[in-house]
Amino acid sequence: RPAAGPPMSLYVITGAPLTGKSTWVRERAVPGDVVVDLDRIAQAMTAEATDLHDYPVNIRRASMRVRPRVVREAVNHAHRGDSYVIHTNPSEQARRFYAQHAAQLVELSAPLDVIQERAAAERPPGYLNRVAVDFWRDDEA
C-alpha cells in the first residue's frame with residue numbers, strides 16, 4: 001500500500017494504454033481490495049480463451065455499460081478498504097465524480113519507445129494502432 005495514503009482510499013489510475021496502470025495496481029492491491037479494470041470486466045464477460053487485450057467490440061461495449069455500476073461499488077467500498085479504478089482517459093465529468101469522492105488520482109505516462117516495446121512484447125499484432133485511435137477518440141466515462 002502507498003505509505004503516504006490514508007488507510008482506506010479510492011485510487012483512480014489514468015494514462016494512455018501500456019503506461020503501466022494494471023502493473024501499478026497489481027503491485028499495491030491486496031486480497032479484499034476492489035479493483036475496477038475494463039479489461040478484466042471484459043474478460044469476465046467472454047470465453048476464457050479470449051486474449052485479455054483483444055476481445056470483440058460487442059464485449060467492449062457491454063463491459064463499458066457495466067463498468068459505471070462497478071465503479072460505484074468501488075467508491076462505496078473505499079469507506080471500508082482500498083479501491084482501485086483504472087480509467088484510461090476520464091472525462092471532466094468523471095474527474096469531478098472522482099474528486100467528489102476524495103479519490104487520489106494517479107496519472108501515469110511512459111515514453112513512446114517504451115510503449116512501443118511493451119506493445120510488441122505483450123499485445124497482439126496491430127494492438128497499438130487500434131488502441132491509439134480509441135484512446136484519442138473515446139472517453140471511458
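The values are calculated or read from the model by the stated rules, or taken from the named source; none is laboratory data. Bear in mind the structure is a predicted one, so any value in this text is a computation, not a measurement. Don't worry about glycine lacking a Cβ; one is built from the backbone with ideal geometry, like all the others, and counts go over all protein chains shown. Accessible surface areas use protein heavy atoms only, side chains included; no ligands, DNA or RNA. Shrake-Rupley method; radii C 1.70, N 1.55, O 1.52, S 1.80 Å.
Computed quantities for the displayed model
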{"item": "Search result, residues across the range 25-62 that are assigned to a helix (DSSP H, G or I), closer than 17 Å to Tyr127 by Cβ and open to solvent by less than 80 Å² (accessible area, probe 1.4 Å)", "result": "Leu38, Asp39, Ala42, Gln43, Ile59, Arg60"}
{"item": "Within the range 50-91, considering residues that are over 16 Å from the mean Cα position of the chain (by Cα) and more than 24 Å from Arg130 (Cα to Cα), the one modelled with the lowest pLDDT", "result": "His79"}
{"item": "Where a residue in the range 14-29 is under 15 Å from Ala74 (Cβ atoms) and in contact (Cβ under 8 Å) with a residue 60 or more places away in the chain and its partner, wherever it lies, is among the basic types (Lys, Arg) and part of a helix (DSSP H, G or I), with Cβ under 8 Å and at least six apart", "result": "Thr14/Lys21"}
